[in-house]
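Remarks on the structure that follows.
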Amino acid sequence: MDKLHAMGIFVRVVEAGSFSAVAHELNTTQSAISKQVAALEQALGARLLQRTTRSLALTDEGGRYFTEARRLVAEVREAEAELRKGEQQLAGLLRVAASVGFGRLKLMPLVQSFLAAHPDVKIDLRLSDGMIDLVEQGIDVAVRLGELPDSGLLARKVSGTRRVLLAHRSYVRRVARQPGLPRVPQDLLAHNCIVYTEQATRHVWNFTAGPGAVEAPGTVQPVQVSGNLQTNSSEVIRSAALSGMGIVYVPDWLLDEEFARGELQQLLPDWQAPLLPVHLVSPPERRHSAKARAFADHVAKALATGPSPA
């Protein structure tokens, strides 16, 4: 038995919460993963996991061993990475997570350029508009928009993004007379607003008066909007906006191509949305990962120096 290999499998089983998830990751069978953990327990002379038909739980000995094992596995992997001198020699699998819209429209070009520069790296890109558990999913680097909750994750602010209020030209024509286009945020109460439920504020859309607004500059005006559709999917938001269903409040990169073609009209241009920070986030045990650092630096540089990611 390769004890270090078995130790790494044990760590991933605990992080993922199941043998089957790790088997899927490693393209092997659940039985093979279970045998590795059992062999490790036999070698150590201690039961590490309590197994039931529905769940896994660490024993007291397993809990103590897991803490040290995770540290040792990370240190060995880092030592191996340090042997590869220079960024061009980075190699191995890197798990990256982002929201669907940001991942498809903004992150994919950066993934492509990173892989072109580091041909020995493989990226597993996980896109989800929900808040996934980075440790459980084995994520090395995640891109998250908005304020971060308190956690033990390592976070690095790299940029910011603003939302814009948009409606398709067909919706604009339909409401031009009744109820009329919104001129101040409170006018949105008379409109069909498509709500993105993964945003922390959800139905409350916040605006700040700019120089051209009827209110004094800096005036903050929150509006509790409503409509006949709410969704946790940025792709559904895109579809709803482009089909003229209602007004959307989205990061300006989500529909920038369609806006540039004149399909969409910006509403309340004299009112600004709060800036949403863009963070790169990693679990603490990934702090020494050379691949994760290189990828994070690549993304941070692009977002900080390129066109507004937001």
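The values are calculated or read from the model by the stated rules, or taken from the named source; none is laboratory data. Bear in mind the structure is a predicted one, so any value in this text is a computation, not a measurement. Neighbour counts run over all protein chains shown; Cβ positions are idealised from the backbone, glycine included.
In table form, for the structure just shown:
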{"item": "Any hit, region 138-147, residues being under 15 Å from the mean Cα position of the chain (by Cα), of a type outside the set (F, W, Y), exposed (fewer than 14 other Cβ atoms within 10 Å of the Cβ) and part of a loop (DSSP other than H, G, I, E, B)", "result": "yes"}
{"item": "Output for region 114-134, where each listed residue is crowded, with 18+ Cβ neighbours inside 10 Å and touching an Asp or Glu at 6+ places or on another chain (Cβ under 9 Å)", "result": "H118, D129, L134"}
{"item": "Inter-residue pairs, beta-carbon under 9 Å, first modelled with pLDDT under 60 and in region 77-98, second of a type in the set (A, V, I, L, M) and surrounded by 12 or more Cβ atoms within 10 Å (Cβ to Cβ), 6+ apart", "result": "R84/L90; R84/A91; R84/A290; E87/A117; E87/A290; E87/A294; Q88/A117"}
{"item": "Residue tally, condition part of a strand (DSSP E or B) and closer than 15 Å to I237 by Cβ, over region 249-275", "result": "4"}
{"item": "Selection within region 224-243 - closer than 16 Å to P182 by Cα and out of contact with any Cys (no Cβ under 9 Å at 6 or more places or on another chain)", "result": "Q224"}
{"item": "Selection count where residues are of a type in the set (S, T, N, Q), within 21 Å of the chain's Cα centre (by Cα) and not in a loop (DSSP other than H, G, I, E, B), scope region 186-198", "result": "0"}
{"item": "I237 being under 27 Å from the mean Cα position of the chain (by Cα) and part of a loop (DSSP other than H, G, I, E, B)", "result": "no"}
{"item": "Subset of region 148-159 that is farther than 15 Å from S99 by Cα and in contact with a strand residue (DSSP E or B) (Cβ under 8 Å, 6 or more places away or on another chain) - its residue that is surrounded by the fewest Cβ atoms within 10 Å (Cβ to Cβ)", "result": "K157"}
{"item": "Sole exception among (1) under 18 Å from L93 (Cβ atoms); (2) surrounded by 15 or more Cβ atoms within 10 Å (Cβ to Cβ) for V76, by number", "result": "(2)"}
{"item": "Residue in region 171-191 that is surrounded by 13 or more Cβ atoms within 10 Å (Cβ to Cβ) and among the polar types (S, T, N, Q) present", "result": "no"}
{"item": "Selection from region 199-212 of residues that are in a loop (DSSP other than H, G, I, E, B) and within 15 Å of P274 (Cβ to Cβ)", "result": "Q199, A200, T201, R202, G210"}
{"item": "Unique match (being in contact with a strand residue (DSSP E or B) (Cβ under 8 Å, 6 or more places away or on another chain) and of a type outside the set (V, I, T)) among A240, A176", "result": "A240"}
{"item": "So G212, is it surrounded by fewer than 14 Cβ atoms within 10 Å (Cβ to Cβ), in contact with an Asp or Glu (Cβ under 6 Å, 6 or more places away or on another chain) and not acidic (D, E)", "result": "yes"}
{"item": "Check on L166, among the aliphatic types (A, V, I, L, M), surrounded by 14 or more Cβ atoms within 10 Å (Cβ to Cβ) and under 30 Å from S18 (Cβ atoms)", "result": "no"}
{"item": "Any chance P217 is over 31 Å from the mean Cα position of the chain (by Cα) and surrounded by fewer than 20 Cβ atoms within 10 Å (Cβ to Cβ)", "result": "yes"}
